[in-house]
Structures are given as structure tokens and as C-alpha cells.
Amino acid sequence: MPAFEIKTRTLEGQRTEIFDHFRKKYVVLTPEEWVRQHMLHFMVSDFSYPRNLLGVEVALKRGQLNERADIIAYDSSMEPMLIVECKATSVELNQKVFEQAARYNLSLGVSYLGITNGLRLMAARVEHDSGRVLMLKSFPMYKEIIS
């Protein structure tokens, strides 16, 4: 993933925080947050996702469960189109990670899912009519998900 301008701070020698340009605030710099921040900037710089149409750590309610989707891309009408689940680089991308993104999709009904650990990036298209999930050869450009 491409480099971007990183702004960090350390609070009283305890924890390091990174400035999230999307949420416009400092957040704790965890291994997963490092991947999330890089993925957000990658989506804007290389895949033409509009910065203002990306939601970060979006709260979802599924039954009694309160969950958070790492990244949601919206169309210009603020309809969700894509969910991206981010994991630390030490986490293997597998069926379990993909199923996590798919569970979030039960609330949203998007047509595209993505998962990344910063080292690998995988994406799929969901065909809601047939219930099929088709793996994509590459991560979709923004213009692809809104067409």
C-alpha cells in the first residue's frame, strides 16, 4: 500500500495515537488501525474512492449485537456499496475473516466485500438474487461499484 502523511503522538509515554484524516481525530495506533489507515488512503489514491464517501468504524446493529465495520464505501446518495474488514498484518486472511465481513453485510446488503491484512487484499461481489459470492481478481475501482 502506498505511503501517506502519517501524524502520530504519544500520550504521557503510554500509548501512541495516529491522526485519522477521515474521522478528523487521533485514535489509538494498534496493528489493525495501521492497516485501516493505509487501506483508507490506498482506496482514495489508487482506486478513486471519494474521501467524503468513506465511513470508518461504522456502528452496526444486528439483533442485540452492536458491531463496527472497519470501512464502508457509499454512493453519492449515501447508500452503502462496499464493506472492507481490516486485520493486523499478523492475521491470516481466511474464510473466518471473510465471514465476518459477510455478517456485517446482513445489516447493510452491499454488493461488494473486501478483506485485508495490509499484506494481502481480497474482494468479492455479492449476487443477492442468487446468493452467490464471486471472488474478484482485483479490488474494485469506485466507478465499478457504483455502476
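All of the numbers you see were taken from the coordinates with simple rules; none came from a lab. Just so it is clear, the model here is predicted, and its values are computed rather than measured. Here the Cβ positions follow ideal geometry from the backbone for every residue, glycine too, while neighbour counts run over all protein chains shown.
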field: In sequence order, calculated HN-Hα J values of segment 8-14 (Karplus, 6.51, -1.76, 1.60; Hz; x Gly/Pro)
entry: 10, 8, 10, 8, 6, x, 9
- prompt: Classify segment 32-147: rounded, prolate or oblate, from the alpha-carbon gyration tensor (a ≥ b ≥ c, eigenvalue square roots; a/c under 1.5 rounded; otherwise prolate if a/b is larger than b/c)?
  reply: rounded
message: Under a crude label model (7 Å from the Cα following the beta-carbon direction), how far is Asp46 from Met141 in nanometres?
response: 1.5
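Relative contact order of segment 96-135: what whole-number percent is it, with Cα pairs under 8 angstrom and at least 6 residues apart?
Across segment 96-135, relative contact order equals 28 percent.
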- line: Two pseudo-spin positions, 7 Å from Cα along C-beta at Asp75 and at Arg15, lie apart in nanometres by 3.8
task: Search the structure for amide H atoms under 5 Å from the amide H of Leu136, placed 1.01 Å from N in the peptide plane, and list their residues when 5 or more places away or on another chain.
output: Ala123, Ala124, Arg125
query: Cross-link partners among aspartates and glutamates for Lys25, C-alpha distance below 19 Å, same-chain residues fewer than 8 apart left out?
result: Glu5, Glu12, Glu17, Glu33, Glu57, Asp70
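Which peptide among 72-81, 57-66, 37-46, 23-32 comes first, and what is the full order, when sorted by highest mean count of other Cβ atoms within 10 Å?
By packing density, highest mean first, the sequence is 37-46, 72-81, 23-32, 57-66.
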- request: Only Cα pairs under 8 Å and at least 6 apart count here; give the relative contact order of the chain as a rounded whole percent.
  value: 17
task: Using 0.36 nm per residue of separation minus the Cα-Cα distance, give me the extension gain between Ser90 and Arg23 in nm, one decimal.
output: 21.6 nm
query: Amide H to amide H, which residues 5 or more places from Met81 or on other chains are under 5 Å from it, using H placed in the peptide plane?
result: Ala73, Tyr74, Asp75
task: Restricting to the chain, compute how many DSSP beta bridges are antiparallel as a %, nearest 5.
output: 85
query: So which trypsin sites (Lys or Arg not before Pro) in segment 104-147 pass both tests, a DSSP loop state and at most 10 other Cβ atoms within 10 Å of the Cβ?
result: Lys137
statement: Applied in sequence order to segment 56-63, the curve 6.51 cos²θ - 1.76 cosθ + 1.60 (Karplus, θ = phi - 60°) yields integer Hz couplings, x standing for Gly and Pro, of 10, 6, 7, 5, 10, 10, 10, x
